[in-house]
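A short reminder: the numbers here are calculations on the coordinates, not readings from a lab. Remember, it's a predicted structure, so these values are computed and weren't measured experimentally. Cβ coordinates were reconstructed from backbone atoms using ideal geometry, including for glycine residues, and neighbour counts include every protein chain displayed.
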Amino acid sequence: MSGHTDMVLVDENGMRIDGRTAEEHRPIKIEAGVLHNADGSAYVEIGKNKVLAAVYGPRECHPRHLQNPQKAIVQVKYNMEAYSVSDRKRPGTDRRSIEISKITAEALEKVVLTELYPRASIDVYIEILQANAGTRCAGLTAASVALADAGIPMRDIVPAIAAGKADGNVLLDLNKEEDNYGQADVPIAIVPSTDEIVLLQMDGNMTRAEFDHAIELAVNACHEVHDLQVDALKRRYSKNQEASQ
Ligand code: CDP
């Protein structure tokens, strides 16, 4: 997020480098139940981002000192594969992946009925196979579907998407160039039934009016992402029904 480039990110007609208007998100594809050996799983593509989420549990929480006698804990491991970015990423955990794992777990804990499973752990693995900005949102979107696929009771399914600012324009769902050279990036996730915001971060600067507009764009798009999450789960459910007949 440098805010400086000679590259034109938004042209005089308001078109972005990938042909989108300011208020358009990238194409989104969501599939539920893509892995046999996990309790629940999902695959999400948002533009060039490709993300896999797998869920195990609820199961006994290890290490035991993390157990909560009142409720389950949600443990998230966000991992960006070495081959997911153009310059090979050093494999393994870094500060960024620890931060993203933490904020993802906090967002999911807002909807999972953790009180039903004292001392248990619900483990969520997010693998970024290909990255092009917006991976924390794609990861959270996939993780929510994987939790539902695992049959874990939730108040709602959480969708996430970012809005931001580049070349002075408020834009929905920044791509890599807009994220790198733009002026602000605001990933958000909501509980669709109440519009409660369960994840909100901000990198860069915007005016108050721009921020309000970015939130409005992202909340509206979150509802679209939610519809796609529900469709994916319905397709998964009807496939299961067919297989059991
Ligand atoms: O992916 P997200 O937008 O949630 O997080 P970010 O930290 O703002 O990263 C933006 C993008 O930078 C990522 O999606 C990757 O495309 C890229 N990136 C990278 O190339 N190498 C890294 N070590 C981290 C991020």
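Data table
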item	result
Relative compactness, region 130-189, computed as alpha-carbon Rg over 2.2 N^0.38 Å	1.32
For region 1-42, size of Cβ-based charge dipole, Lys and Arg +1, Asp and Glu -1, in debye	120
Selected from Ser97, Val44, Ala54, residue furthest toward positive end of dipole (the chain; charges at beta carbon)	Ala54
For region 10-119, average projected area of the Cα convex hull in nm²	9.7
Dipole magnitude of region 96-180, debye to nearest 20 (Cβ charges: Lys/Arg +1, Asp/Glu -1, about Cα centre)	200
HN-Hα J in Hz across region 26-41 - Karplus 6.51, -1.76, 1.60, θ = phi - 60°, x for Gly and Pro	6, x, 10, 10, 10, 10, 9, x, 9, 10, 6, 8, 8, 5, x, 7
Antiparallel DSSP beta bridges within the chain, as percent of all bridges there, nearest 5	85
J(HN,Hα) series, region 103-118, from Karplus relation 6.51 cos²θ - 1.76 cosθ + 1.60, nearest Hz, glycine and proline x	5, 5, 4, 5, 5, 5, 5, 6, 10, 6, 7, 5, 5, 6, 10, x
15 Å beta-carbon shell around Ala131, net charge (K/R +1, D/E -1)	-1
For the chain: lysine pairs under 12 Å (alpha-carbon distance), excluding those fewer than 8 apart on one chain	4
Check: the chain dipole with +1 on Lys, Arg Cβ and -1 on Asp, Glu Cβ, in debye	1100
Sorted by Cβ density within 10 Å, fewest first, the residues Lys89, Lys29	Lys29, Lys89
Rounded D (µm²/s) - region 28-244, Kirkwood Rh over Cα pairs, Stokes-Einstein at 4 °C, 1.567 mPa s	74
Peptides 220-230, 5-15 ordered by average Cβ neighbours within 10 Å, highest first	220-230, 5-15
Computed over region 112-205: relative contact order in percent, which uses C-alpha pairs under 8 Å that are six or more apart	23
Relative contact order (percent, whole number), region 28-244, Cα cutoff 8 Å, 6+ residue spacing	22
Antiparallel bridges, percent of DSSP beta bridges restricted to region 6-127 (to nearest 5)	75
Karplus-derived 3J(HN,Hα), 6.51/-1.76/1.60, for each residue of region 141-158, Hz, glycine and proline x	4, 5, 4, 4, 5, 5, 5, 5, 4, 7, x, 7, x, 9, 5, 6, 9, 8
For Asn49, distant residues with modelled amide H under 5 Å away	Asn132
